[in-house]
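*Asks:* Right, I'll just put the structure down here and ask away after.
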Amino acid sequence: MLRSRPLDTETAKKRQLFQMKQFATEGLNIPLKKNWSESWCTLSQEFDKVLVELLDMEIRHEDVFIITFIKCGTTWMQEAVWLLLNNLDFEKSKNVHIWDRSPFLDNHGFNVTAPNAIKLCKTLSSPRVIKTHMPPNLLPPQLWKNKTKIIYVARNCKDVVISSYHFTKKLGSWRGSSLEEFAQDFMNNEVMYTSFWSHVVDYWKMRQEPFVFFTTYEEMQRDLPAVIRELCQFLGRPQLTNLEMENIKIHLSFDKMKENRQTNITFLMREQVPTISEDFQFMRRGIVGSYRDEMSPALQAQIDNWSRKYLALHGLTEEDIFGKL
């Protein structure tokens, strides 16, 4: 059963464009056992209706879900998986928008002017590649019951804070004045889709499930061909030839993805979102470690300490998840 509670702190009221709430369910069929009813996710109040429809969504056996926290390489992985499942159809990927080929399931809760992606999913042929930022207990219970394929991409926390700050600030959905304020809201679970570490750790703990593929943005940057080979095996697709691998590497490069109007969502969001800034860029830098030249040492230390405390409760360090950064 869907539960919700208001998020009515003064900072949330002041800095968020939307009225915010937190949502949870009992987490039916999830293989990781915990008190899911108290595992809250911060979203806008628009999700009151969206989640009812999303949780009841019909799942197909062939579906593949791409799941991330925001700004963790979702579009990059979407495009890779869609290509692998569609015989490297580069021509179609350059002519049909990625959200038409691979719907963003929760977009009409995040962006109230967007079309209903849940309805769009019903019109697509299988295998469907579906994007979402939802935590485990806000996914359709049928997904877990059917052991539907999940591909999860995590990204180091400080880069997520930087990228999310620029994204939400330029989008107009976060109305604070500084990166330091945003980081506080992020750590206080007052930003859309937080709690960040709960999101990452819960999926990481399920990485050994045969239907879950867990990787990181950093690993994709380090060795994209290796990740693609692992994806081929996970998806039951033939391994690529050397020429095919070279072609997909070029297509998935940051510069090519940014040039491609069908994968760079900047252009579509400028059309759909009335609060958006003229200089909004969905794909901004696309590097590992951008926080080093955008975040003060004091703020880096504060986020590191916050992360360390949370992960210690689970016997983890950031290196356990991401390797050496």
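*Asks:* Using a 1.4 Å probe and ignoring any ligands, DNA or RNA, find the accessible area of residue 163 and quote it in Å² to the nearest 10.
*Replies:* We get 20 Å² for residue 163.
*Asks:* To continue, here is another question. Rounded to a whole number, what % of the accessible area of the range 171-212 do carbon and sulfur atoms account for, probe 1.4 Å?
*Replies:* Details: 550 of 1320 Å².
Result for the range 171-212: 42 percent of the exposed heavy-atom area is carbon or sulfur.
*Asks:* If you don't mind, there's one more thing I want to ask. Hey, can you grab everything whose amide H is under 5 Å from the amide H of residue 253? Only 5+ residues off in sequence or another chain; H modelled, so Pro and N-termini drop out.
*Replies:* For residue 253, whose amide H was placed from the backbone, there are no distant partners under 5 Å.
*Asks:* Applying the Karplus parametrisation 6.51 cos²θ - 1.76 cosθ + 1.60 with θ = phi - 60° to the phi angles of the range 113-121, what ³J(HN,Hα) value in whole Hz is obtained for each residue in order, glycine and proline being reported as x?
*Replies:* 8, 7, x, 6, 6, 5, 5, 4, 4
*Asks:* Further question: If a/c stays under 1.5 just call it rounded; otherwise compare a/b with b/c (prolate if a/b is bigger, oblate if not). Do that for the range 165-263, with a ≥ b ≥ c from the square roots of the Cα gyration tensor eigenvalues.
*Replies:* Values: a/c = 3.30, a/b = 1.55, b/c = 2.12.
Verdict is oblate for the range 165-263.
*Asks:* Residue by residue through the range 190-200, which ³J(HN,Hα) values in whole Hz follow from phi under the Karplus form 6.51 cos²θ - 1.76 cosθ + 1.60 (θ = phi - 60°), with glycine and proline marked x?
*Replies:* Each residue's phi maps through the Karplus curve to give 10, 9, 3, 6, 5, 8, 4, 5, 4, 4, 5 Hz.
*Asks:* Going by average Cβ density within 10 Å per residue, which order do the peptides 97-108, 14-25 take, highest to lowest?
*Replies:* 97-108, 14-25
*Asks:* ³J(HN,Hα) across the range 84-95 via Karplus (A = 6.51, B = -1.76, C = 1.60, θ = phi - 60°), whole Hz, x for Gly/Pro?
*Replies:* Going residue by residue, I get 5, 8, 10, 6, 6, 7, 5, 4, 5, 5, 8, 10 Hz, with x marking Gly and Pro.
*Asks:* Here's something else I'd like to know. Divide by every residue of the chain the summed helix terms, -39500 (n - 2.57) for each DSSP H run of at least 4, and state the resulting mean residue ellipticity at 222 nm, rounded to the nearest 500 deg cm²/dmol.
*Replies:* The helix-only estimate for the chain comes to -12500 deg cm²/dmol at 222 nm.
*Asks:* In square angstrom, what is the accessible area per residue of the chain with a 1.4 angstrom probe?
*Replies:* That works out to 43 Å² per residue.
*Asks:* With Kirkwood radius over Cα pairs in Å defined as stated, name the option among [x] 20.1; [y] 21.2; [z] 20.7 computed from the structure displayed.
*Replies:* Recomputing Kirkwood radius over Cα pairs in Å here picks out [x].
*Asks:* Whose amide H sits under 5 Å from the amide H of residue 216, counting only residues 5 or more places off or on another chain, with H placed in the peptide plane?
*Replies:* 154
*Asks:* Take the alpha-carbon centre of the range 54-130, take the same for the range 299-314, and report the distance between them in whole Å.
*Replies:* 33 Å
The values are calculated or read from the model by the stated rules, or taken from the named source; none is laboratory data. Predicted model only: the values in this text are computed from it and were never measured. Ideal geometry is used to build each Cβ from the backbone, glycine not excepted, and the neighbour counts take in all protein chains shown. For the accessible areas, the whole protein counts, side chains as well, though only heavy atoms, and no ligand, DNA or RNA atoms are used. Shrake-Rupley method; radii C 1.70, N 1.55, O 1.52, S 1.80 Å.
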